[in-house]
Amino acid sequence: MISRDLEFSVGELVNADKIIKSWNKLIASDLFKFVQITPIKNDDGTSDIIIESEEIGSQSIKIGARVDNERNLQANLFLIEDNLFESGARLSALLGGGEFNQLLSLKYENTRILSTDITTFFEGIYKYREVYEYKPIFTPNIDRFQNLRKINLAEQGYGIKVGFGSQIER
């Protein structure tokens, strides 16, 4: 992963600009919480480059919920695997919904394919929701309004999203 973002390779003459650009690319990858690049001068006039880094955790779980008067209780579970197979790719799954709506999404993203600036993502989606129609109920109490909720329509959809692109600048 680190060699992919370096502006120099083994045996190449390195200057401060290449080291700074490499450090910026490594930090911008969002895979490391700490990166330090240190040149060490040798007795024979050459230099060695020491790169120290600390990875950010690669797995995340996010859990959420909400309650409202129309959809009642809804819950979400978001699972993320960053740096999949040490390629810099992300695999995520979203499971969510409640009694009247459901959502399922599985997404693969790669912000850099090999050493290029080409990006790609693939996502499969399934959605279901019930849409309501409300009818007013007239009551003898003039200070109170009530509505009767009727299920009017059920929407269901599924599909695939695919995207390709290129990073403009890192």
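The values are calculated or read from the model by the stated rules, or taken from the named source; none is laboratory data. Everything quoted here is computed from the prediction, not taken from an experiment. For neighbour counting, all protein chains shown are included, and Cβ atoms are generated from backbone atoms with ideal geometry for every residue, glycine included. Side chains are part of the model used for accessible areas, which takes the heavy atoms of the whole protein and leaves out ligands, DNA and RNA. Shrake-Rupley method; radii C 1.70, N 1.55, O 1.52, S 1.80 Å.
Summarised in one figure, the compactness ratio Rg/Rh of the range 1-79, Cα atoms and Kirkwood Rh, is 1.34. Summarising the label geometry, the points placed 7 Å from Cα in the beta-carbon direction at Ile50 and Ile125 lie 4.9 nm from one another.
Placing a pseudo-label 7 Å from each Cα along the Cα-to-Cβ vector at Ile118 and Leu104 gives an inter-label distance of 3.1 nm.
Working note: 222 nm ellipticity from helices only, DSSP H runs with n ≥ 4, each -39,500 (n - 2.57), summed and divided by the residues of the chain, gives -2500 deg cm²/dmol to the nearest 500. Taking all protein chains as they are arranged and a probe of 1.4 Å, the heavy atoms of Thr139 leave approximately 50 Å² accessible to solvent.
Against the criterion of solvent-accessible heavy-atom surface with a 1.4 angstrom probe, Asp43, Asp117 sort, most first, into Asp43, Asp117. Using 1/(1 + (r/R0)^6) with R0 = 30 angstrom and r between the beta carbons of Ile151 and Leu77, what's the FRET efficiency to the nearest 0.05? In this case the efficiency is close to 0.70.
Under the classification rounded if a/c is under 1.5, otherwise prolate if a/b is larger than b/c and oblate if not, where does the chain fall, given a ≥ b ≥ c as square roots of the Cα gyration tensor eigenvalues? Note, shape of the chain comes out prolate.
Counting lysine pairs in the chain that sit 8 or more residues apart in sequence, or on different chains, and whose Cα atoms lie under 29 Å apart gives 21.
The modelled label-to-label distance between Ile160 and Arg144, using points 7 Å beyond Cα along the C-beta direction, is 5.5 nm.
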